[in-house]
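*Asks:* Here it is, the structure in full.
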Amino acid sequence: MKIITVIAGILLTVLGVFSVANAGLSFLSLAFPIGVCLVLVGLVECFVYKRIREDVDAGHWVLIEGLTTFILGVVVLTGRLAADIAVPVVFGMWSIVSGIRGFTVLAFETDTREKNIDFYWALCVSGLNLAVGIYTFFNSSLLQLSVLMILGICFVVQGANVIKIGFDIVYNKPDLIKTRDEKIAEAEEAAKEAHKEAKKAIKEAREARKAVREAEEAKEFHEIIAEPSEENGAEKSS
């Protein structure tokens, strides 16, 4: 599935480059290959969900994006998207959803995810998706790019996103064919993850105990209200 996903991403990127190269054509002239490509990529992303559904946050967003891509492909193939003025806006919304998905996953994984090249790659792709999607709404007032030019840029960025999803898929061999070294490496990795989770749990427990102490030391509302009157009474008596 890893290889298939990477191939799907490359196919979408190639479609984007082809669309940019033929930016002078109308959308309807390339509607069929665009629709077929989107349907295939959407199906691949939906199947990918089964491989990464252990990661609940990322998996659900990949499924949502896959379903969105598949439905968009069906809409294109059935000729429901024919007006050139509506095409960039619809695909812009598609890019915006993908960008929001990327930023949401990054936000949920900020505490546990190392800020390495994968993190910044996901950050850049999500930002580009969001920027391209928002730009489609203002194209007529800015550069006035052709429909296929805009779609080509969307496809290239989305293709990079799908390729990244493919590379993130981890292939798990059945235990029966794993070597002893692979089993040892897997156990060591599991121990590291368990250690990280234990440190996180200890930190959360400390914060919870601190919150309990602060709650015990906090004054009730009626005590806070009564303080000024008590102080005034003490000043009058003096």
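Residue-by-condition table, conditions (1) modelled with pLDDT under 75; (2) farther than 30 Å from residue 18 by Cβ:
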{"position": "162", "(1), (2)": "no, no"}
{"position": "167", "(1), (2)": "yes, no"}
{"position": "191", "(1), (2)": "no, yes"}
{"position": "198", "(1), (2)": "no, yes"}
{"position": "208", "(1), (2)": "no, yes"}
{"position": "228", "(1), (2)": "yes, yes"}
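*Asks:* Can I ask one more? From the list 11, 28, 40, 15, which residue is part of a helix (DSSP H, G or I), open to solvent by 70 Å² or more (accessible area, probe 1.4 Å), among the hydrophobic types (A, V, I, L, M, F, W, C) and touching a residue at least 60 places away in the same chain (Cβ under 8 Å)?
*Replies:* 11
*Asks:* Is it the case that residue 151 is at pLDDT 75 or above, outside any helix (DSSP H, G or I) and either of a type in the set (Lys, Arg) or surrounded by 14 or more Cβ atoms within 10 Å (Cβ to Cβ) (or both)?
*Replies:* For residue 151, the condition - at pLDDT 75 or above, outside any helix (DSSP H, G or I) and either of a type in the set (Lys, Arg) or surrounded by 14 or more Cβ atoms within 10 Å (Cβ to Cβ) (or both) - is not met.
*Asks:* In segment 122-148, how many residues are open to solvent by 20 Å² or more (accessible area, probe 1.4 Å) and in contact (Cβ under 8 Å) with a residue 60 or more places away in the chain?
*Replies:* 3
*Asks:* I'm checking my understanding of the structure. Among residues of segment 96-123 that are out of contact with any helix residue (DSSP H, G or I) (no Cβ under 9 Å at 6 or more places or on another chain) and assigned to a helix (DSSP H, G or I), which one is modelled with the highest pLDDT?
*Replies:* 120
*Asks:* Determine whether segment 48-58 contains at least one residue that is modelled with pLDDT of 70 or more and either among the aromatic types (Phe, Trp, Tyr) or open to solvent by 70 Å² or more (accessible area, probe 1.4 Å) (or both).
*Replies:* Within segment 48-58 (the criterion being modelled with pLDDT of 70 or more and either among the aromatic types (Phe, Trp, Tyr) or open to solvent by 70 Å² or more (accessible area, probe 1.4 Å) (or both)), the answer is no, since none of the residues qualifies.
The values are calculated or read from the model by the stated rules, or taken from the named source; none is laboratory data. All figures in this text were calculated on a predicted structure; none of them were measured in a lab. Glycine gets a Cβ as well: all are built from the backbone with ideal geometry, and neighbour counts include every protein chain shown. With ligands, DNA and RNA removed, areas are computed over all heavy atoms of the protein, side chains included. Shrake-Rupley method; radii C 1.70, N 1.55, O 1.52, S 1.80 Å.
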